[in-house]
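Below is one structure, written out as structure tokens; comments come after it.
All of the numbers you see were taken from the coordinates with simple rules; none came from a lab. Keep in mind that this is a model prediction, so the values were computed, not measured. Cβ: placed from backbone, ideal geometry, glycine included. Neighbour counts: every protein chain shown.
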């Protein structure tokens, strides 16, 4: 499969994907953001000491979960030694530990841990993807990188649109990335003014899925108590209720 090396190629190949398997393959062969390519590959070469015997994925990380999801979780980007190492979003890092434990408590994941792409984890009625598909330096993608990567998100939303009912945005970056995806996937212009992000924020429009805001499951938030397990449980309970998931 040809690699995507320019923003124009990203747009063309995202549009060409006929299903999620197609899209995932195109995503994994994207080289359109030079800074992100350099960083993800450098991390994969140098590795973290604890993982020095492992082979890193070192590529863009596709979405993961139920292809008929009623709930989508939109994150920021893969972690350098998490998804960038394992090849699966939120897998192999402490943010993922928190997220999947909460999904398991909510009955949306079959197990509370996510350590490797072949660990048997399965999601129920839920799909997880990121606004930016490559690990960025300092966990901070630029607006330009977000915009270059956006067609992957937009096409993924289009492909799961028949079943999607609720989007949970993890953090302000994901919340902001959702509005162009709403236009691309549903033909709905973003509200003006755009609603502000906040934990527990809720937006409902005339078309498209409901949008819920949730603090990101980063160590900065979970270690400091800004985001507690009870707060996560409340968000996913609300998402299930809005999506009609038992």
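The table that follows gives values for the structure above.
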| read-out | value |
| --- | --- |
| Answer from 61, 37, 8, 98 - the residue that is in contact with a helix residue (DSSP H, G or I) (Cβ under 8 Å, 6 or more places away or on another chain) and either over 17 Å from residue 146 (Cβ atoms) or not in a loop (DSSP other than H, G, I, E, B) (or both) | 98 |
| Residues of the stretch 193-234 that turn out to be assigned to a strand (DSSP E or B) and out of contact with any strand residue (DSSP E or B) (no Cβ under 7 Å at 6 or more places or on another chain), as a count | 0 |
| Sole exception among (1) surrounded by 22 or more Cβ atoms within 10 Å (Cβ to Cβ); (2) in contact with a strand residue (DSSP E or B) (Cβ under 6 Å, 6 or more places away or on another chain) for residue 132, by number | (2) |
| Failed item in (1) under 16 Å from residue 64 (Cβ atoms); (2) in a loop (DSSP other than H, G, I, E, B); (3) within 14 Å of the chain's Cα centre (by Cα), with residue 119 passing the rest | (3) |
| Filter pass, residue 80 being part of a loop (DSSP other than H, G, I, E, B) and either over 22 Å from residue 199 (Cβ atoms) or touching a strand residue (DSSP E or B) at 6+ places or on another chain (Cβ under 9 Å) (or both) | yes |
| Residue match in the stretch 206-218 (condition: surrounded by fewer than 14 Cβ atoms within 10 Å (Cβ to Cβ), touching a residue at least 12 places away in the same chain (Cβ under 8 Å) and more than 18 Å from the chain's Cα centre (by Cα)) | yes |
| Pick from the stretch 11-34, criterion out of contact with any strand residue (DSSP E or B) (no Cβ under 6 Å at 6 or more places or on another chain) and in a loop (DSSP other than H, G, I, E, B), ranking: farthest from residue 88 (Cα to Cα) | 18 |
| Filter result for the condition that a residue is without any contact (Cβ under 8 Å) to a residue 24 or more places away in the chain, under 16 Å from the mean Cα position of the chain (by Cα), surrounded by 15 or more Cβ atoms within 10 Å (Cβ to Cβ) and outside any loop (DSSP other than H, G, I, E, B), over 175, 179 | 179 |
